[in-house]
Amino acid sequence: MKAAKATARDARFAILMDGDLTPTDRLRSQVAGARAIAADGGMRHAAALGLEPEVWVGDFDSTPDELLGRNGHVPRHNLPARKAISDGELAVMRALEAGARSLVLCGAMGGARSDHMLFHIMMALRIARERDIEVLLTSGTEEASPLLPGKPAMPDWPAGTLFSVIPFSPLSGLSIERADWPLDAVEVAMGSSLTLSNVSADGLRILLGSGTAALVASFDV
């Protein structure tokens, strides 16, 4: 039994990114017991989430001295400021190399850079599709996750949660059950607002036939 628990823990990683984060009870429960890797300024979220990162990845050129001093005991993987890949993606790659089967990208949804958020969502879609692992992006007040064809999504959101299905390609065979606006195997054009701003009920179930899409949910805090 102890070996099984250790394996489960080792498979879940929290990646601390430098976006906005509200440390809600829901978020704390999602990362409880997970291994953690901090990406540069994302280290500022560690204490609020009760996490001790095993490594701190980044170029640290804009990291406050106070944060560096307070977390000087955490092993660092120093990176050049000029590079062809983000600190966040490198932290994710490190987790995957360590055998991650579930990723919670904390601080991946908010912040001043909307381009970072879009890249995080697209990265999550690619990883989930190529590696068949669970990926959750969260700011505490918002969550996003890949919606993979043929795999029913049954989120544990409270009834009344506002959510959208974001199509990154034309979608086929999209069904939504137990929501204010149910759908039955519909076609959705890329960029269509048909699946914007739905409301969940108990037992929400979403199934996609083909295409590339993400679920985005907003929570009252």
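Data overview
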item: Verdict on L51 being part of a helix (DSSP H, G or I) and either at pLDDT 95 or above or not small (G, A, S) (or both); result: no
item: Out of A214, A144, A124, sole residue that is within 29 Å of R28 (Cβ to Cβ), at pLDDT 95 or above and outside any strand (DSSP E or B); result: A124
item: Sole exception among (1) under 15 Å from the mean Cα position of the chain (by Cα); (2) part of a helix (DSSP H, G or I); (3) hydrophobic (A, V, I, L, M, F, W, C) for A38, by number; result: (2)
item: Sole exception among (1) hydrophobic (A, V, I, L, M, F, W, C); (2) part of a helix (DSSP H, G or I); (3) closer than 15 Å to D40 by Cα for V74, by number; result: (2)
item: Long-range neighbours under 7 Å by Cβ, at least six apart or interchain, first residue of a type in the set (A, V, I, L, M) within region 66-86, second open to solvent by 100 Å² or more (accessible area, probe 1.4 Å); result: L67/R44; A81/D61
item: Pairs, first over 15 Å from M17 (Cβ atoms) and among the basic types (K, R) in region 93-109, second part of a loop (DSSP other than H, G, I, E, B) and open to solvent by less than 30 Å² (accessible area, probe 1.4 Å), C-beta under 8 Å, six or more apart; result: R101/A11; R101/I133
item: Residue within region 70-88 that is open to solvent by less than 40 Å² (accessible area, probe 1.4 Å) and either of a type in the set (D, E, K, R) or at pLDDT 85 or above (or both) present; result: yes
item: Number of the exception - A159 against (1) assigned to a helix (DSSP H, G or I); (2) in contact (Cβ under 8 Å) with a residue 40 or more places away in the chain; result: (1)
item: Subset of region 31-52 [of a type outside the set (A, V, I, L, M, F, W, C) and open to solvent by 40 Å² or more (accessible area, probe 1.4 Å)]; result: G33, R35, R44, G50, E52
item: Meets criteria (of a type in the set (D, E, K, R), out of contact with any Asp or Glu (no Cβ under 7 Å at 6 or more places or on another chain) and surrounded by 17 or more Cβ atoms within 10 Å (Cβ to Cβ)) for R94; result: yes
item: Test result for V135, within 21 Å of L49 (Cα to Cα), in contact with a Pro (Cβ under 8 Å, 6 or more places away or on another chain) and open to solvent by less than 30 Å² (accessible area, probe 1.4 Å); result: yes
item: Filter result for E177 (at pLDDT 95 or above, open to solvent by 40 Å² or more (accessible area, probe 1.4 Å) and farther than 27 Å from L49 by Cβ); result: yes
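The values are calculated or read from the model by the stated rules, or taken from the named source; none is laboratory data. Everything numeric here is computed off the predicted structure, so don't read it as measured data. Cβ: placed from backbone, ideal geometry, glycine included. Neighbour counts: every protein chain shown. When the accessible area is computed, the model is the full protein with side chains, heavy atoms only, and any ligands, DNA or RNA have been set aside. Shrake-Rupley method; radii C 1.70, N 1.55, O 1.52, S 1.80 Å.
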